[in-house]
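The values are calculated or read from the model by the stated rules, or taken from the named source; none is laboratory data. Since the model is a prediction, treat every value here as computed from it, not as a measurement. FYI the Cβ positions are ideal-geometry reconstructions off the backbone, even for glycines, and counts take in every protein chain you see.
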Amino acid sequence: MTTELVHGRPSTHNDGYPLNTTTLMRHAARTYPEQEIVYRTADGGWDRYSYGDAWGRITRGANALERLGVAPGDVVGVLDWNSRRHFELYWAIPGLAAVMLQMNLRLGPEDLGYVTTHSEASWICVDESLLPIAEAIAPHTQGVKGWIVMSDKPLDQIETSLPDVHHYEDLLAAAADTREWALIAEDSAYSACYTTGTTGRPKGIYYSHRGIYLHTLAMVALIGMSSEDTTMFITPMFHGQCWGLPQAAVQAMTKIVLPGRYTMEDTSVLVDAMVAEEVTVANGAPAIFGPMLDYIRTLDPRPDFSRARLLSGATEPPLSLMKGFHEVTGADVIHAYGATETTPLVTVNKGLKPSLRAVLSDDEKWDMKRRQGLMATGVDFRLVDGDGRDVPFDGVSQGEVLVRGPWIIDSYHAMDDDTRFHDGYWRSGDVGTIDEHGYLKLTDRLKDVIKSGGEWISSIDMENHLMSHPRIREAAVVGIAHPKWQERPVALVVSDDGGEVPIEDLHRHLAPHFASWQMPEQVLFVEELPRTSVGKLDKKVIRAQHADLYTGEQP
C-alpha cells in the first residue's frame, strides 16, 4: 500500500461532521442514563452513581474550566488515580477542545516537571492524596497558572504549599449544568501522554479525537463489548488512556468500576470488586494479574469469572498465568499488543480462528495464546530486516514490526526523531514473526535480542518458559558480551521460596524449546528484578550490573 492519497468522486455524506470523543459520553448518557458507575472513595469504601449523574458533573466541570480561562488548544494536566473525578475529566477537558495531559505518577519529579513544561500545561488537577508529588514538581514547572485540588474535604481543611489553589468541587458547585458543546475539528489533540523510556527525556504523543474515536470502535468490536458487560479499569488511567478502555466501555455503554488507588502488594480489593460487581472486562499486566490469581487461589469458594475477558499487555503473559485463570476461575486472559505511540491497540489474540480450532491439539491451542494475535482492522503493518527490506510472513522469518494507521503516530510532539519512522510507518523496536494465518509473535526487542554466534536467541521466549517452571515466579534473560560468541544469555530468576533451583533442572525444563547451544550457562537467583517506572523489566540495568560476567571466560 502506497502513501499517496488518491481522490475519487465526492460523496454526499456529511464528511465534515467531526468525530469527537466527548460525544461518546454524551450519547451514552442520553441512551443509558441509568447505567451504573461504581467508584472507590477516599476512605477505601465504595459508592456509585449513574451515567446521567456523571454527565451532569462533566458538563459543570467543562464550564468551570472554561470560567478559569481554559481555551481550545490549552493543556490541562491530571494527577490522579483511577477515580470518579479522573473519569469525568476524561470527557470535560477534551470537550473544550483542550488537551488532557496524562501525568504518570511513576515518573520522578524532574521528569514530571519536564513533561509539564514541555507540554505547556496551564492548569493541573491533582487529587489531595497526591499533593506531595504536585509540590515536588512545582519548582520544575513553568507556565502553570494554577492548581485544582480534588477532594471531598473543604478547601480550608487542606494544607498545601502550592500557589494559586482552587477546589474542584467548589468550582463545580458554582458552574452551570448545561452548555452548548462545540464541534471540534477531529484532527485536534484530545489528550497527551509521554513515553517513559530508560534513556533520554520522555517523548510526547498527542492523540487526536479522530484517532481515539476509531480506536474505540475497533476495540469494542474486537473484545465483543456490550451493555451487558461490567468493565473495571485496572491499568492506570494516567498513562496511555488506560489502553482506551474508558472510551470503549462508554461506547459500549457498559457498567463501569473505578478501583481508585490500589497496590500490587494487596490485590484483594480488585478481586473482591470483580466478584461483587460481576466484572466481565478488565485490563492489566501480568505483574498485577499474577498476584490477583495468587489471592484467588486462597478463596473458598473460588469465584466464577467464566464471562470475564482479562486484557493483558505490557509483557507477554506466561502460559501458567493464562492456564491458571482459566482452570481456577474460567476467565479468558486475552493477550493484546501495542505501545503508547499506537493508542495502544495493534493486535488482539481473542480466541482462535474457526479454521484452526478444529485442527490444533489442546497444547497447540495454548501455545497459540502466547502469540500477540491478529492485527486490528485499520492497522497496516510490515516486518523488515536490518536493511529495511520486507521479510515473508512464514512464522519463521524475523523482522522489526512496523505499523501505521489512523491511531498510530507519525511524529513526536515538538521533537525531531526520524529514527523511529520508516516510509510512513512507526518503528516499534520489536522483533517478531507473522505466520501464514496472520498471527504476530514477538521474539524480542531490537535492543534486547541476544546475538550469539551469528544466531538470535529470544529472551522473551526463554523468560516465559522459565516462568512455566513450578518453582520460578519471575525471570529476566539478557545477552552479555562474550569473548568468543559475541553474546551469551544470562538468566536472573526469582524463585517461589527464595531458594535456588539446580541449573541442570532448568536446562531440562527448557530443552523441549531451546537447542543446547541456546541454554544460559549462568542462572542467578535474586530477590527481585529491576524494573522501570512503568513496571517493565529494566534490562539496561541488568546488562550493566553483569557486563563482565563472561569476561575472560572460555566456552
Kindly provide the set of residues from segment 504-524 that are loosely packed, with under 13 Cβ neighbours inside 10 Å and either basic (Lys, Arg) or closer than 11 Å to Ile472 by Cα (or both), ordered by number. Arg508
Residue pairs meeting the criteria (Cβ under 6 Å; at least 6 apart or on separate chains; first on the phi < 0 side of the Ramachandran plot, in segment 348-362; second assigned to a loop (DSSP other than H, G, I, E, B) and surrounded by 10 or more Cβ atoms within 10 Å (Cβ to Cβ)): Asn349/Arg371
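Within segment 418-436, is even one residue among the hydrophobic types (A, V, I, L, M, F, W, C), on the phi < 0 side of the Ramachandran plot, more than 25 Å from the chain's Cα centre (by Cα) and not in a loop (DSSP other than H, G, I, E, B)? Show your work before the answer.
Of all residues in segment 418-436, those among the hydrophobic types (A, V, I, L, M, F, W, C) come to 421, 426, 431, 434.
Next, from what is left, pick out any that are on the phi < 0 side of the Ramachandran plot: 421, 426, 431, 434.
Subset that is more than 25 Å from the chain's Cα centre (by Cα): none.
No, that holds for no residue.
Ala287: under 26 Å from Ala475 (Cβ atoms) and within 13 Å of the chain's Cα centre (by Cα), yes or no?
yes
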Please go through segment 441-478 and pick out each residue that is surrounded by fewer than 20 Cβ atoms within 10 Å (Cβ to Cβ) and of a type in the set (S, T, N, Q). Thr443, Ser452, Ser468
Scope segment 113-132; condition within 18 Å of Ser161 (Cα to Cα) and modelled with pLDDT under 95; matching residues: Gly113
Checked segment 1-57 for anything aliphatic (A, V, I, L, M) and under 25 Å from Trp81 (Cα atoms); matches are Leu24, Met25, Ala28, Ala29, Ile37, Val38, Ala42, Ala54
Quick one: is Val501 surrounded by 15 or more Cβ atoms within 10 Å (Cβ to Cβ), at negative phi and in a strand (DSSP E or B)? no
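Looking at this structure, is Gly338 at pLDDT below 90, surrounded by 17 or more Cβ atoms within 10 Å (Cβ to Cβ) and closer than 30 Å to His422 by Cβ?
Numbers: at pLDDT below 90: no; surrounded by 17 or more Cβ atoms within 10 Å (Cβ to Cβ): yes; closer than 30 Å to His422 by Cβ: yes.
No: the conditions fail for Gly338.
Going residue by residue through segment 384-400, is there one that turns out to be within 24 Å of the chain's Cα centre (by Cα), among the aliphatic types (A, V, I, L, M) and under 29 Å from Ser468 (Cβ atoms)?
Residues of segment 384-400 within 24 Å of the chain's Cα centre (by Cα): 399-400.
The next check asks that each one be among the aliphatic types (A, V, I, L, M); those that pass are none.
No, segment 384-400 contains no residue that is within 24 Å of the chain's Cα centre (by Cα), among the aliphatic types (A, V, I, L, M) and under 29 Å from Ser468 (Cβ atoms).
What are the residues in segment 217-241 that are touching a strand residue (DSSP E or B) at 6+ places or on another chain (Cβ under 7 Å) and part of a helix (DSSP H, G or I), if any? Walk me through how you get there before you give the answer.
Taking segment 217-241 as the starting set, the residues that turn out to be touching a strand residue (DSSP E or B) at 6+ places or on another chain (Cβ under 7 Å) are 218-219, 222-223, 225, 229-241.
Selection gives Ala218, Met219, Leu222, Ile223, Gly240, Gln241.
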Per the list (1) in contact with a strand residue (DSSP E or B) (Cβ under 6 Å, 6 or more places away or on another chain); (2) outside any helix (DSSP H, G or I); (3) closer than 19 Å to Gln102 by Cβ, residue check on Leu310 breaks on (3)
Tell me, which residue of segment 113-132 that is under 24 Å from Lys153 (Cα atoms) and touching a helix residue (DSSP H, G or I) at 6+ places or on another chain (Cβ under 8 Å) is surrounded by the most Cβ atoms within 10 Å (Cβ to Cβ)? Cys125
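Considering Glu110, Glu66, Glu88, which residue is farther than 16 Å from Leu130 by Cβ and modelled with pLDDT under 95?
Glu110
Take residues that are in the same structural domain as Gly211 (by TED's automatic domain parsing) and aromatic (Phe, Trp, Tyr) and tell me which of the helices (runs of 4 or more DSSP H) falling wholly in segment 1-118 contain 2 or more.
Numbers: elements: 22-31, 51-67, 84-92, 109-118.
The qualifying helices (runs of 4 or more DSSP H) are 51-67, 84-92.
In segment 189-212, which residue that is among the hydroxyl-bearing types (Ser, Thr, Tyr) and in contact with a strand residue (DSSP E or B) (Cβ under 9 Å, 6 or more places away or on another chain) is farthest from Ile93 (Cα to Cα)? Before you say what the answer is, go through the steps one by one.
Going residue by residue through segment 189-212, those that are among the hydroxyl-bearing types (Ser, Thr, Tyr) are 190-191, 194-196, 198-199, 206-208.
Restricting the remaining residues to those that are in contact with a strand residue (DSSP E or B) (Cβ under 9 Å, 6 or more places away or on another chain) gives 190-191, 194-195, 206-208.
Numbers: Tyr190: 8, Ser191: 9, Tyr194: 18, Thr195: 21, Tyr206: 14, Tyr207: 13, Ser208: 13 Å.
Among them, the one singled out is Thr195.
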Of Val346, Val257, the only residue that is in the same structural domain as Gln102 (by TED's automatic domain parsing), closer than 26 Å to Arg106 by Cα, not basic (Lys, Arg) and not in a helix (DSSP H, G or I) is Val257
